[in-house]
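Here the structure comes first, spelled out in structure tokens, and everything after it is commentary.
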Amino acid sequence: MARGFRQKIRQKNTENSGFGSNASGRFINKDGLPNVKRRGVNVFNRLSWYHTMLNLSTFRFLSYLVIAYILINLVFAMIYFLIGVEHLTGIDKSDPLNEFIDVFFFSSQTFTTVGYGRIAPIGFTASLVATFEAFLGLLTFAIATGLFYGRFSRPRAYLRFSDIAVIAPFKESRALMFRLAPFKNNALTDADVIVSAAIEVIENGAPKSNFYSLKTHLSKINTLALNWTVVHEIKEDSPFYGFSDEDFKNTDIEIIVQVRAFDEVFSNTVVQRSSYVSKEIVYGAKFTPMYYPDTNDQTTILDLDKINEYQKTDLPAMAEDNE
């Protein structure tokens with residue numbers, strides 16, 4: 001059944017999805033990045049380190065900076081230790097541990113160009129290493145400052161998507177629904193959504209992904225202040241027309257979502273993507289409200305913890321159920 005019923009799909013597939021029909025796995029990860037691994041070039045050409053550092057979570061970004069700082073100072077401390085602590089003045093020579101601790105902190109002071117003055121290099125070799133470390137420290141902190149500024153100043157949509165999509169009652173029929181909401185105090189206007197579906201079919205005995213544009217009940221809104229429930233009504237022109245619960249479960253489906261909006265503060269367009277696969281589609285359910293008035297009816301509370309809340313519901317009987 002999982003293979004045969006796919007002949008029910010009546011909508012003509014589109015060829016402008018940007019994805020290949022023979023690609024495998026998920027097309028768009030939940031974080032909005034394409035699920036693609038590149039081969040044929042070395043890692044330095046394959047990865048943009050700037051984009052990688054900007055896309056890291058704040059915790060991972062700060063952790064990498066701290067770890068890199070400690071490792072660099074450990075390397076230079078080892079170099080000073082191997083050169084000999086006699087080439088550094090002011091070292092506590094009571095035992096090797098104290099010597100290494102002193103050269104480590106001397107390295108950190110040199111790397112940051114603080115230079116308290118208690119410990120200083122003596123001789124050409126130690127002075128050369130200290131000079132190079134100070135130069136490396138200036139470059140490193142310049143790069144770190146640029147990354148901090150890039151992460152701070154980069155326009156972002158700051159949208160949170162529901163983890164699941166639902167097949168819910170809509171008017172006299174059914175609809176595929178998911179919702180999203182801004183989770184920061186940025187002002188987004190002129191928001192529009194583009195939704196497409198990748199459905200695996202069997203052609204000539206081999207699996208192939210066909211792509212379909214999904215019409216939405218409301219594709220653009222003026223202001224994105226509260227949550228937005230995006231609705232694709234399942235009518236005769238929908239690729240999901242006639243799909244049952246088992247069809248959704250047994251078919252490789254991916255709903256690909258792209259939202260664009262205008263950020264008034266940055267005066268720039270921001271974009272965010274997400275996707276839903278078959279196991280993330282709940283059949284016969286509807287979302288529960290996630291905003292409500294406050295106690296004095298003077299403002300509206302948008303409860304982002306409720307973005308995934310839904311309740312099971314019966315779906316209206318449709319003519320296609322008997323086809």
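Bear in mind that the values in this text are calculations on the coordinates, not laboratory data. Small disclaimer: the values here were computed from a predicted structure and weren't measured. Here Cβ is always computed from backbone atoms with ideal geometry, including for glycine, and neighbour counts include all displayed protein chains.
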Treating only Lys and Arg (+1) and Asp and Glu (-1) as charged, each at its beta carbon, one finds that the chain has a dipole about its Cα centre, in Debye to the nearest 20, of 720
Kirkwood-based Rg/Rh on the Cα set of the chain evaluates to 1.17
For the stretch 25-100, listing trypsin sites (Lys or Arg not before Pro) in a DSSP loop whose Cβ sees at most 12 other Cβ atoms within 10 Å gives Lys37, Arg38, Arg39, Lys93
Contour minus Cα-Cα span, Arg26 to Phe44, at 0.36 nm per residue, comes to 3.9 nm
Relative to the chain, whose Cα atoms define the longest principal axis, helix 58-83 and its Cα axis are tilted in degrees, nearest 10, by 20
For Ser153, placing the label point 7 angstrom along Cα-to-beta-carbon and taking the stretch 42-66, residues whose amide nitrogen sits under 17 Å are 50-51, 54-55
With +1 at each Lys and Arg Cβ and -1 at each Asp and Glu Cβ, the charge dipole magnitude of the stretch 70-137 around its Cα centre, to the nearest 20 debye, comes out at 140
With -39,500 (n - 2.57) per DSSP H segment of 4 or more residues and division by the full residue count of the chain, the 222 nm estimate, nearest 500 deg cm²/dmol, is -9000 deg cm²/dmol
tail above 22 Å in the computed P(r) of the stretch 247-323, as % of all Cα-Cα pairs, reads 55
Under the 7 Å Cα-to-Cβ spin-label approximation, Lys171 and Glu86 lie apart by a distance in nanometres of 9.1
With a Förster distance of 56 angstrom and the Cβ-Cβ distance between Phe124 and Glu309, calculated FRET efficiency to the nearest 0.05 equals 0.20
With DSSP loop assignment and no more than 14 other C-beta atoms within 10 Å, the chymotrypsin sites (Phe, Trp or Tyr not before Pro) in the stretch 116-206 are Tyr116, Phe183
Straight-line reach check, Lys184, cutoff 13 Å on alpha carbons, 8 or more apart in-chain or any other chain, hits among aspartates and glutamates -> Asp263, Asp303
Sorted largest first, the C-alpha extents of the stretch 39-138 along its principal axes in whole angstrom are 51, 27, 23
Each label sits 7 Å from Cα toward the beta-carbon; between Thr189 and Glu246 the label points are separated, in nm, by 5.2
For the pair Lys215 and Val265, the simple spin-label estimate (label points 7 Å beyond Cα toward Cβ) gives in nm 3.8
Excluding residues fewer than 8 positions from Lys30 in its own chain, the aspartates and glutamates with Cα under 20 Å of it are Asp163, Asp192, Glu200, Asp252, Glu254, Glu280, Asp305, Glu309
Among Tyr69, Pro207, Val114, the residue whose Cα sits farthest towards the positive end of the charge dipole of the chain, when +1 is placed on the Cβ of each Lys and Arg and -1 on the Cβ of each Asp and Glu, is Pro207
Around Met177 (Cβ within 11 Å, Cβ-to-Cβ, excluding Met177; K/R +1, D/E -1) the net charge comes to +2
Going through Lys37/Lys306; Lys37/Lys279; Lys215/Lys249; Lys208/Lys306 one by one, the pairs whose alpha carbons sit over 30 Å apart turn out to be Lys37/Lys306; Lys208/Lys306
With 0.36 nm assigned to each residue of separation and the Cα-Cα distance removed, Ala68 to Thr223 gains 51.6 nm
